[in-house]
Amino acid sequence: MTPGPTGDGLVSVDEHLAAVLAAVVTLDPVAVPVSAARGRTLREAVAAAVDIPVFDNSAMDGFAVRHADVATASPEDPAVLRVVADLPAGTALDPPIGEREAARIMTGSPVPRDATAIVPFEDTAGGLADSLGEITVLRAPRVLGAHIRRRGEDAVVGDEILAPGVLLGALQLAAAAAAGVDRVSVSRTPRVAVVSTGSELVAPGSPLLRGQIPESNSELLAGLAAEAGAEVVLRGSVPDDGDGPRRAIADAEALGADVVVFSGGVSAGAYEVVKATLGDSMTFTKVRMQPGKPQGFGRTPAGTLLFGLPGNPVSAAVSFEVFVRPALLELQGRADAQRRVIALPAGRAWRTPPGRTQYLPVMIDRSDPRGWRAMPATGGGSHLAGGLGRAEAYAVVPADIDTVTAGDLIDVMLIS
Ligand code: AMP
Ligand code: MG
């Protein structure tokens, strides 16, 4: 596929994404302790260093016995055994168990070599109360080996526990720890600079003169970058005149940034500062999507990726989702950069732009737990930044769909 304009001068979302991803060079891996790896992307498979379970152990609190001694035990004809040892968790003992003998054993303790079943306390007459003298077994174990968890049942040394490319969350890291692994190879954290452009922008909370608005895209894009596993090394704002964007790139590169994300200043107006100053480093493309049509993308000679996203807050959010996030995940070597998409009926009708893929921020109406529905979170205008706060997903409506009516099944891309 050769990315490039067709007919109307617009390229498809897939074409632009492919051009972006083609410029991504995966970052180097680094080794980190498992305890510091949450949120990182695994780069080398994790293999078990120990068997799971590590040794045959008891699944119940009770008694380790010879199965034959209790195989016919019943309330009418109980088996009486002498308790010859006590095995708390962590014990290294492996006491011999003779005929009509038992060892008291706790969950997770190693099962003596001579034992072939565990009788839980519930199946003896005295239970825990008289458990260090003689016991009266009232019920036979269901099978030979009952309640014994076998060594290596889950994994043996060398088995792959985690595949390269996975996002390391609590469950994955616990699995690595259980497999006796203390260090993992993960991607270096991508460093991102976020630069807002616009002479109308002032810090949120500042008094607003006529024409000024609170600057919100740096909060948005820094947050989204962090959620995609990046470290934000620079956050700033530049006016619509001067060469702020060029100086911002120099500052970002001095801080080791891998990616600079600009917002604003890339569309068709008169004071588009990113377009005006970075024409030699970025290509400006019109993408067949709404919002997010104007997109700038490039790479500096040093290899820093440059994104020029449109400034409307919803456009910036969607553009990040569709182009920047996949690039950040690709930088980290993430195997699956796709969001989960589910099909939900539209809760009401909405308008769609002809000939463009629509990304509409939606809420998910869960009032009927068996009948979730997608409800627009914003009025549909890309400037409606407040409604973004209600969004929990994007409805993705293909370019060839002209209208959405209530009940239509819609692809909904989950973003949390
Ligand atoms: P632009 O893409 O620069 O033409 O901006 C489009 C719209 O988004 C304008 O209404 C801008 O005021 C607004 N906008 C641009 N950047 C930001 C920002 N960082 N925070 C909030 N609104 C912005
Ligand atoms: Mg602007």
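The values are calculated or read from the model by the stated rules, or taken from the named source; none is laboratory data. Since the structure is predicted, the reported quantities are computational estimates derived from the model, not experimental observations. Neighbour counts run over all protein chains shown; Cβ positions are idealised from the backbone, glycine included.
Of all the residues that make up the stretch 389-403, how many are over 11 Å from MET289 (Cα atoms) and among the aliphatic types (A, V, I, L, M)? Talk me through it step by step, then tell me what you get.
Narrowing the stretch 389-403 to residues over 11 Å from MET289 (Cα atoms): 389-395, 400-403.
Remaining after also requiring among the aliphatic types (A, V, I, L, M): 391, 393, 395, 401.
The total comes to 4.
PRO239: assigned by TED's automatic domain parsing to the domain that holds PRO310, under 25 Å from ALA19 (Cβ atoms) and at pLDDT 95 or above, yes or no? Please lay out each step first, then the result.
Working: assigned by TED's automatic domain parsing to the domain that holds PRO310: yes; under 25 Å from ALA19 (Cβ atoms): no; at pLDDT 95 or above: yes.
So PRO239 fails the test.
Just for the stretch 248-276: of the residues that are surrounded by fewer than 14 Cβ atoms within 10 Å (Cβ to Cβ) and part of a helix (DSSP H, G or I), which one is farthest from the chain's Cα centre (by Cα)?
First pass over the stretch 248-276, keeping only residues surrounded by fewer than 14 Cβ atoms within 10 Å (Cβ to Cβ): 250, 254-256, 268-270.
So of that shortlist, the ones also part of a helix (DSSP H, G or I) come out as 250, 254.
Values: ALA250: 32, ALA254: 30 Å.
The qualifying residue farthest from the chain's Cα centre (by Cα) is ALA250.
Considering the stretch 298-314 alone, what residues qualify as being surrounded by fewer than 22 Cβ atoms within 10 Å (Cβ to Cβ) and more than 15 Å from VAL192 (Cα to Cα)? Step through it out loud before you land on a result.
Keep residues of the stretch 298-314 that are surrounded by fewer than 22 Cβ atoms within 10 Å (Cβ to Cβ), which gives 298-304, 312.
Scanning the stretch 298-314 gives PRO301, ASN312.
Got a number for residues in the stretch 217-247 being in a loop (DSSP other than H, G, I, E, B) and farther than 29 Å from GLY169 by Cβ? Give the steps one after another, and end with the answer.
At the first step, the residues of the stretch 217-247 found to be in a loop (DSSP other than H, G, I, E, B) are 228-230, 239-243.
Within this subset, residues satisfying the condition of being farther than 29 Å from GLY169 by Cβ are 239-243.
Qualifying residue count for the region: 5.
Select the strands (runs of 3 or more DSSP E) contained entirely in the stretch 1-98, then report the ones holding at least 1 residues which are touching a helix residue (DSSP H, G or I) at 6+ places or on another chain (Cβ under 9 Å) and either in the same structural domain as ALA163 (by TED's automatic domain parsing) or exposed (fewer than 13 other Cβ atoms within 10 Å of the Cβ) (or both). Outline the logic, then answer.
Values: elements: 29-33, 62-65, 79-87.
Strands (runs of 3 or more DSSP E) meeting the threshold: none at all.
Are there strands (runs of 3 or more DSSP E) fully within the stretch 299-393 with at least 1 residues that are in contact (Cβ under 8 Å) with a residue 12 or more places away in the chain and of a type in the set (Val, Ile, Thr)? List them. Explain how you work it out, then say what you get.
Working: elements: 305-309, 341-345, 357-365, 373-376.
Qualifying strands (runs of 3 or more DSSP E): 341-345, 357-365.
Please verify whether the stretch 258-275 includes one or more residues that are at pLDDT 95 or above and either polar (S, T, N, Q) or farther than 21 Å from PHE320 by Cα (or both).
Yes, the stretch 258-275 contains at least one residue that is at pLDDT 95 or above and either polar (S, T, N, Q) or farther than 21 Å from PHE320 by Cα (or both).
Write out, first by first residue and then by second, each pair whose Cβ atoms fall under 6 Å of each other, whose residues are 6+ apart or on separate chains, and whose first residue, in the stretch 257-275, is touching a residue at least 24 places away in the same chain (Cβ under 8 Å) and among the aromatic types (Phe, Trp, Tyr) while the second is within 10 Å of ligand 2 (Cβ to nearest atom) and part of a loop (DSSP other than H, G, I, E, B).
Sorted first by the residue in the stretch 257-275, then by its partner, the pairs are TYR271/ASP240.
For every residue, the table says whether it meets (1) closer than 27 Å to PHE63 by Cα; (2) surrounded by fewer than 15 Cβ atoms within 10 Å (Cβ to Cβ).
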site: LEU138; (1), (2): yes, no
site: GLY145; (1), (2): yes, no
site: VAL157; (1), (2): no, yes
site: GLY198; (1), (2): no, no
site: SER216; (1), (2): no, no
site: LEU221; (1), (2): no, no
site: GLU227; (1), (2): no, yes
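Which of the residues spanning the stretch 400-416 are closer than 22 Å to PRO313 by Cα and part of a loop (DSSP other than H, G, I, E, B)?
ILE415, SER416
So GLY303 fits all but one of (1) in the same structural domain as VAL25 (by TED's automatic domain parsing); (2) on the phi < 0 side of the Ramachandran plot; (3) out of contact with any Pro (no Cβ under 6 Å at 6 or more places or on another chain); what number is the exception?
Going through (1) in the same structural domain as VAL25 (by TED's automatic domain parsing); (2) on the phi < 0 side of the Ramachandran plot; (3) out of contact with any Pro (no Cβ under 6 Å at 6 or more places or on another chain) one by one, GLY303 breaks only (2).
Of all strands (runs of 3 or more DSSP E) completely enclosed by the stretch 104-211, which ones contain at least 1 residues that are farther than 30 Å from PRO33 by Cβ and more than 16 Å from ligand 2 (Cβ to nearest atom)?
Details: elements: 117-120, 134-137, 160-162, 183-187, 191-197.
Those strands (runs of 3 or more DSSP E) span 117-120, 134-137.
What pairs come up if the first residue lies in the stretch 187-204 and is without any contact (Cβ under 8 Å) to a residue 24 or more places away in the chain and in the same structural domain as GLU219 (by TED's automatic domain parsing), the second is within 16 Å of ligand 1 (Cβ to nearest atom) and among the polar types (S, T, N, Q), and their beta carbons are under 9 Å apart, counting only those six or more places apart or on different chains?
Within 9 Å, the pairs are GLU200/GLN212; VAL202/GLN212; VAL202/SER237; ALA203/SER237; PRO204/SER216.
Tell me which residues, restricted to the stretch 107-133, are farther than 12 Å from ALA64 by Cα, in contact with a Lys or Arg (Cβ under 7 Å, 6 or more places away or on another chain) and modelled with pLDDT of 95 or more.
Selection gives ASP123 alone.
Between ALA36, ALA45, ALA23, which is free of Cβ contacts under 8 Å to residues at least 12 places away in the same chain and closer than 21 Å to GLY333 by Cβ?
Values: ALA45 fails: free of Cβ contacts under 8 Å to residues at least 12 places away in the same chain; ALA23 fails: free of Cβ contacts under 8 Å to residues at least 12 places away in the same chain.
Residue meeting the stated conditions: ALA36.
For the structure I just gave you, tell me whether MET282 is assigned by TED's automatic domain parsing to the domain that holds GLY223, more than 14 Å from ligand 1 (Cβ to nearest atom), crowded, with 18+ Cβ neighbours inside 10 Å and within 16 Å of VAL238 (Cβ to Cβ).
On the way: assigned by TED's automatic domain parsing to the domain that holds GLY223: yes; more than 14 Å from ligand 1 (Cβ to nearest atom): yes; crowded, with 18+ Cβ neighbours inside 10 Å: yes; within 16 Å of VAL238 (Cβ to Cβ): yes.
Spelling it out, MET282 is indeed assigned by TED's automatic domain parsing to the domain that holds GLY223, more than 14 Å from ligand 1 (Cβ to nearest atom), crowded, with 18+ Cβ neighbours inside 10 Å and within 16 Å of VAL238 (Cβ to Cβ).
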